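Student: Dropping the structure in here first, questions after.
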Amino acid sequence: MTATIDTGQLLELVWTAAVAGAALSIIFSLLVLGLVRADDLRRSGRDVVAGAYLALAALAALLIAGGVVFGVSVIVSK
Amino acid sequence: METMLVMVIVIAIFFDFTNGFHDTANVVATSVSTRALSPRAAVAFASILNFVGAFISLAVAATIASDFVDQDAITETVVFAGLIGAIVWNLLTWYFGLPSSSSHALIGGVIGATLVAAGTGAVNGTGLVDKLIVPALVAPVLAFAVAGVSILAIYRIVGRLRPGPVNRGYRLGQLISGSLFSLAHGTNDAQKTMGIITLALIAHGNLPENSFDVPTWVIASSAAAIALGTYTGGWRIIRTVGSRIIKMDPAQGFSAQGSGAAVVLAASHLGYPLSTTHVISGGVMGAGAAKRLSAVRWGVAGNIAIAWALTLPAAAIIGAVAYAVSSIFGTGALGPIVVSISVLGVILAFFGRRASQGRLLTAGA
């Protein structure tokens, strides 16, 4: 029975879903981290470090937007 | 025979409606329970994205139409009986508040009817194992693991920050993860109805058996039915998925939805007709268990697992009985009409009696 299972396709499902799911959560967490820390640091007058966290948040937002567009385009192209 | 084809298409569209209605919980439960969205907004949002999702891929429809049963054995009566099996099982599990799989109910119903109509030789065991059973076992475990790893990473990254803005952030994040999951649901689930209508069209001779395109009107009507069903909502299953498995915080809701969307979208791309119900339930349990094993109400999880295991055989038995009764009246539309009226009568009597006793909206899983 095992010979009938397309293990290559199944492994593709496992690794793509695992990478995409974990990456979405981690990158979105970096966005939250960047925004919350930037706000805290700006209130305490540390504008330069706050700017760095804001840049991290912006990069994370771009990665999420890009990832979502890429993911949907891969599915549409099938 | 035109009457029979029209009847099968109408019942398939009705099944699609119950699929949206039954599976609304998958799509919106986490957003509602973490208060990321109001119930009405969440359902409306999910409904629109389900409609859009139905248009973006056809790989699953092709699998449903060609990989599980021998197309030569498929008649309109077989498709009709399979749909009856799926609808009856969906309504039963909805009544008991159990998030079972509409996909497995549909495939089970068709297999049961095919077994009675043409015997075991007409069922493609290889396709069933490769495209349905193995992915059905892998997907919830995968969603469980991905959601578990994700929530651990999330707590590691944002665990020391002020909870107020962090929770607001993840509630906003659920707009993204919820949208992706709604899109994934529309993509994977609406295609099952497209596949089943395509099977009926092949059986009727409207489409060639070996190379066919799913007609645009089939895609549009399936998309509209699942969106309308989603908008109508299945509130009792929302309660089970949203708060009875675990009590979620917004970050857990985000990781469960994000992981579920990743699994279902990847599966849709590869043509696996996954159960979105299994996937989101696995994600919710993973997000809960990674925080604290005792956070998951394992008794509720056990009931859900039993419903999962029963779905395929139960729908197959109902589909087989529906086919057997229909075929007593010959190959025309009379048998399916008798079965439809009988099923409708039983449903109305059962739900009418419970509603008159005021128990329809209070009983749950």
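Bear in mind that the values in this text are calculations on the coordinates, not laboratory data. What you see is a predicted model; the values in this text were computed from it and never measured. Neighbour counts are summed over all protein chains in view; Cβ atoms, including those assigned to glycine, are modelled from backbone coordinates with ideal geometry.
Student: Please compute, for peptide B:129-136, the average count of beta-carbon atoms on other protein chains lying within 10 Å of each residue's beta-carbon.
Tutor: Partner-chain Cβ atoms within 10 Å, mean over residues of B:129-136: 3.
Student: Could you work out the local net charge near residue B:249, counting Lys and Arg as +1, Asp and Glu as -1, over the other residues with Cβ closer than 11 Å to its Cβ? List each step's numbers first, then the result.
Tutor: On the way: positive: B:35, B:171, B:247, B:291; negative: none.
Combined, the nearby Lys, Arg, Asp and Glu give +4.
Student: State, in angstrom, two size descriptors of the protein assembly as shown derived from its alpha carbons: Rg to one decimal place and Dmax to the nearest whole number.
Tutor: Computed over the Cα atoms of the protein assembly as shown, radius of gyration and Dmax are 22.3, 84 Å.
Student: Need one value for B:184-193: mean number of C-beta atoms belonging to other chains within 10 Å of its residues' C-beta atoms. Don't jump to the answer; show the numbers that get you there.
Tutor: Details: counts 3, 0, 0, 3, 0, 0, 0, 0, 0, 0.
Mean shielding by partner chains, rounded to a whole number: 1.
Student: Which whole number gives the average count of other chain Cβ atoms within 10 Å of the Cβ atoms across peptide B:49-56? Could you put the intermediate results ahead of the total?
Tutor: Values: counts 0, 0, 0, 1, 2, 0, 1, 6.
Across the residues of B:49-56, the mean count of other-chain Cβ atoms within 10 Å is 1.
Student: Within straight cross-link reach of residue B:192, meaning Cα distance under 13 Å, which aspartates and glutamates are found once same-chain residues fewer than 8 apart are removed?
Tutor: B:16, B:67
Student: What does the convex hull of the Cα atoms come to per residue for chain B, in Å³?
Tutor: Numbers: hull volume 42.5 nm³, N = 365.
Convex hull of Cα atoms, per residue: 116 Å³.
Student: Follow-up. Treating only the Cβ of Lys, Arg, Asp and Glu as charged (+1, +1, -1, -1), what charge dipole size does chain B show about its Cα centre? Round to the nearest 20 debye. Please list the in-between numbers first.
Tutor: Numbers: 19 positive and 12 negative charges, 474 e Å.
It comes to approximately 2280 debye.
Student: Here's something else I'd like to know. Order B:46-55, B:66-75, B:168-177 from most to least packed using the mean count of other Cβ atoms within 10 Å. Can you show the working numbers first?
Tutor: On the way: B:46-55: 24.0, B:66-75: 19.0, B:168-177: 20.9.
Most protected by this proxy first, the peptides run B:46-55, B:168-177, B:66-75.
Student: Let me ask something additional. Give me the aspartates and glutamates in straight-line cross-link reach of residue B:291: C-alpha distance below 14 Å, same-chain residues under 8 apart excluded.
Tutor: Partners within reach: B:249.
Student: By how many degrees, 0 to 90 and rounded to 10, does the Cα axis of helix B:250-270 deviate from the longest principal axis of chain B?
Tutor: On a 0 to 90 degree scale, this one is about 40.
Student: Using every pair of alpha-carbon atoms in segment A:15-78, split the distances into 5 Å bins beginning at 0 and state the percent of pairs per bin, rounded to integers.
Tutor: 4, 19, 21, 18, 13, 10, 8, 5, 2, 1, 0
Student: Between residue B:69 and residues 5 or more places away or on another chain, which pairs have amide H atoms under 5 Å apart, with H built 1.01 Å from N, and which residues are they?
Tutor: B:124
Student: Once Rh for segment B:1-116 is found with the Kirkwood sum over Cα pairs, what is the Stokes-Einstein diffusion coefficient at 4 °C and 1.567 mPa s, in µm²/s?
Tutor: Details: Rh = 15.6 Å.
Once the numbers are plugged in, D ends up at 83 µm²/s.
Student: Positive end of the charge dipole of segment B:115-203 (Lys, Arg +1 and Asp, Glu -1 on Cβ, about the Cα centre): tell me which of B:166, B:203, B:133 has its Cα farthest that way.
Tutor: B:166
Student: Find the relative contact order for chain B and round it to a whole percent, using C-alpha pairs within less than 8 Å whose residues are 6+ positions apart.
Tutor: Values: 699 pairs, mean separation 132.5, N = 365.
Relative contact order of chain B: 36 percent.
Student: Quick check: Cα centre of segment B:66-116 to Cα centre of segment B:257-278, how many Å?
Tutor: 20 Å
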